[in-house]
Amino acid sequence: MSAVMMTRKVRKWEKLPGKNTFCCDGRVMMARQKGVFYLTLFLIVGTCSLFFAFECPYLAIHLSPAIPVFAILLFFFVMAMLLRTSFSDPGVLPRALPEEATFIEMEIEATNGNVPAGQRPPPRIRNVQINGQIVKLKYCYTCKIFRPPRASHCSICDNCVDRFDHHCPWVGNCVGKRNYRYFYLFTLSLSLLTIYIFTFNIVHVVMRSVNSGFMKTLQDTPGT
């Protein structure tokens with residue numbers, strides 16, 4: 001078999017110079033610092049597990065079986081949005097190729113002219129017209145590109161991200177153009193799940209306290 005046939009084609013994600021980690025053949029993309037993300041998983045799964053183990057059986061029998069069913073559906077939705085946010089490409093902008101970077105540098109030098117020694121060079125900005133308005137595009141010295149509006153460079157992932165919002169350690173990824181909707185649904189559904197569990201924890205304690213007393217209920221319900 002020839003050497004040409006044995007040469008494996010290098011994927012684009014394998015050549016990405018940022019500080020991200022990939023798995024599942026590039027389908028999963030995360031930041032390298034994933035410790036807080038694992039903590040997020042532990043807190044959500046642990047809290048819901050205690051609720052399902054201690055509160056849900058009593059509430060399903062004495063109140064309604066729909067309570068644990070809705071909690072399970074909400075839990076799976078929260079986990080789906082968390083994983084979708086964490087494993088998605090947030091909108092990483094490709095860096096300039098070496099020849100493209102050289103051409104841009106030459107173009108900038110021709111525009112700004114020679115800067116005297118000891119004098120600070122002018123900011124690298126390109127003016128473009130969008131919908132009849134002049135928009136200033138800032139130059140990224142790391143990616144060697146003029147970033148589009150609302151894009152920014154993440155110092156943690158070392159990538160320029162389109163419509164960069166922030167880097168969220170709780171999801172282990174940047175939040176940008178391609179995963180912002182999932183991040184929004186995650187925070188919204190997690191808030192709803194937290195309120196739901198907290199509310200029915202109180203309901204559980206109150207219902208048990210009617211018969212056995214408040215302190216006795218707390219002792220008999222470890223998950224509360």
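The values are calculated or read from the model by the stated rules, or taken from the named source; none is laboratory data. Keep in mind that this is a model prediction, so the values were computed, not measured. Backbone-built Cβ (ideal geometry, glycine too); neighbour counts: all protein chains shown. Just so you know, the surface numbers come from the protein's heavy atoms only, side chains and all, with ligands and any DNA or RNA stripped out. Shrake-Rupley method; radii C 1.70, N 1.55, O 1.52, S 1.80 Å.
List of remarks:
- For region 106-131, the tally of residues that are at pLDDT 75 or above and open to solvent by less than 60 Å² (accessible area, probe 1.4 Å) stands at 2.
- In region 1-35, the residues that are modelled with pLDDT of 70 or more, in contact with a Gly (Cβ under 7 Å, 6 or more places away or on another chain) and not in a loop (DSSP other than H, G, I, E, B): Met30, Ala31
Residue-wise test of (1) at pLDDT 95 or above; (2) surrounded by 15 or more Cβ atoms within 10 Å (Cβ to Cβ); (3) assigned to a loop (DSSP other than H, G, I, E, B).
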{"position": "Lys136", "(1), (2), (3)": "no, no, no"}
{"position": "Leu188", "(1), (2), (3)": "yes, no, no"}
{"position": "Leu193", "(1), (2), (3)": "yes, yes, no"}
{"position": "Asn201", "(1), (2), (3)": "no, yes, no"}
{"position": "Val206", "(1), (2), (3)": "no, no, no"}
{"position": "Ser209", "(1), (2), (3)": "no, no, no"}
{"position": "Lys216", "(1), (2), (3)": "no, no, no"}
{"position": "Gln219", "(1), (2), (3)": "no, no, no"}
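- Number of the exception - His167 against (1) in contact with a Cys (Cβ under 7 Å, 6 or more places away or on another chain); (2) under 23 Å from Pro57 (Cα atoms): (2)
- The number of residues in region 161-180 being more than 13 Å from the chain's Cα centre (by Cα) and closer than 23 Å to Gly35 by Cα comes to 0.
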